[in-house]
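Following: one structure in structure tokens, then a few remarks.
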Amino acid sequence: MRMRDLDERARAARSKAATLGDDIDLESFSNESPPHETITDIERLPEADRKRMLMAGIDTNRGHRSGSYLQKDGFPVFSSSLQEGLEIIPIREALEKYDWLHDYYWRLVPVDADKYTARAKLELQNGYLIRTLPGARITIPAQACMYIETDSFSQNVHNIVIAEEGSELHMITGCATAAHVSRGIHVGISEFYVKKNARLSFTMIHHWAKDVAVRPRSACIVEEGGLFLNNYISMKPVRSLQMSPITTLAGKGAVARFYSLLAGSPGSTLDVGGRILLQAEETRAEIISRSITYGGTI
């Protein structure tokens, strides 16, 4: 019943957006791409892909990461955890496997916030669940890569990250396009849950093509004694980026820190913000942005 309600709200948001107009015409992008087969060894990716991914912080040497998730266009092609206490599962598979996950799905990000959240719900391709079990310490970073390999493709994903009570997780997520791709759009919903006394650091590195539009929509809730560290890096050309993550510090002593590093290339528009809501005693927050433009608008 809840899923039906989410769909109805998303359809209403999409219909409303169609009458308002916007800088991005979603209908000019395709949700179709050639199928991509799953792989069993991330080290055996084509060299050209490995080089592009490395520019976004994705290391295909398995010994350098505690686990990996890789999605090409709309297809999860690799997911693996190498450390006990760490789960990495494509989101569609995870929703079928865990009934409890539906209580986290679309809980923090409103499905009808705008036409981008609506598209992510109604035309979801995949995304991931990355979760640390209670008390697990994942000090070697896990990584996730969203890779666009088809020109003019709309990549619509939903990610959920859960750091269970007393756990620690370090993540690197690299988003990139293949060298031959010049145009596309990435619509990414991310919901983060930092439980009591858990620690989560999340570093995003974007390496898109110059005519790619990027629409992340993300939110986080931090419980008592928890820490959320959010790093965002965009130094390469991108046509349009619009994001304003929100974190709620809901428990006593919770801490959040946002750091961003931006470079605006000619013709680019970067609209980047962030909000942290201090809703409990002894909570602390820090937001620091460093940006430079050499022809773009920030």
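The values are calculated or read from the model by the stated rules, or taken from the named source; none is laboratory data. For clarity, every value in this text was computed on a predicted model and none was experimentally measured. What goes into the accessible areas is simple: the full protein's heavy atoms, side chains included, and nothing from ligands, DNA or RNA. Shrake-Rupley method; radii C 1.70, N 1.55, O 1.52, S 1.80 Å.
Using heavy-atom solvent-accessible surface (probe 1.4 Å) with all chains present, what is the largest-first order of Trp208, Trp100?
Trp100, Trp208
Among the lysines, which fall within straight-line cross-link reach of Lys97, defined as a Cα-Cα distance under 20 Å, with same-chain neighbours fewer than 8 residues apart omitted?
Leaving aside lysines fewer than 8 places away in the same chain, those within reach of Lys97 are Lys121.
Could you sort Ser15, Ser68 by accessible area so the largest value comes first, with the probe set to 1.4 Å? Provide the component values of the computation, followed by the final result.
On the way: Ser15 75, Ser68 10 Å².
The ranking, largest first, comes out as Ser15, Ser68.
Could you give the alpha-carbon Rg of region 61-111 over 2.2 N^0.38 Å, rounded to two decimals?
Scaled against compact globular proteins, the figure is 1.33.
Express the accessible area of region 123-278 per residue in Å², computed with a 1.4 Å probe while the remaining protein chains stay in the model.
Numbers: 4530 Å² over 156 residues.
That works out to 29 Å² per residue.
Grab every C-alpha pair in region 19-173, bin the distances at 10 angstrom width from 0 up to the longest one, and report whole percents.
10, 36, 35, 16, 2, 0
Quantify, in whole percent, the carbon and sulfur part of the accessible surface of the chain (1.4 Å probe; protein heavy atoms only).
Summing carbon and sulfur atoms, their accessible area is 49 percent of the total for the chain.
Under 21 Å from the Cα of Lys210, which lysines turn up, not counting those fewer than eight places away in the same chain?
Lys51, Lys72, Lys236
By accessible area of protein heavy atoms, probe 1.4 Å, what ranking do His64, His170, His186 get, highest first?
I get His64, His170, His186, largest accessible area first.
Under the rule of -39500 (n - 2.57) per DSSP H run of 4 or more residues, summed and divided by the residues of the chain, what mean residue ellipticity at 222 nm is obtained, to the nearest 500 deg cm²/dmol?
Working: 4 runs with 42 residues, N = 298.
Computed mean residue ellipticity for the chain: -4000 deg cm²/dmol.
Excluding ligands and nucleic acids, what accessible area in Å² is computed for Tyr259 using a 1.4 Å probe, to the nearest 10?
Accessible area of Tyr259: about 70 Å².
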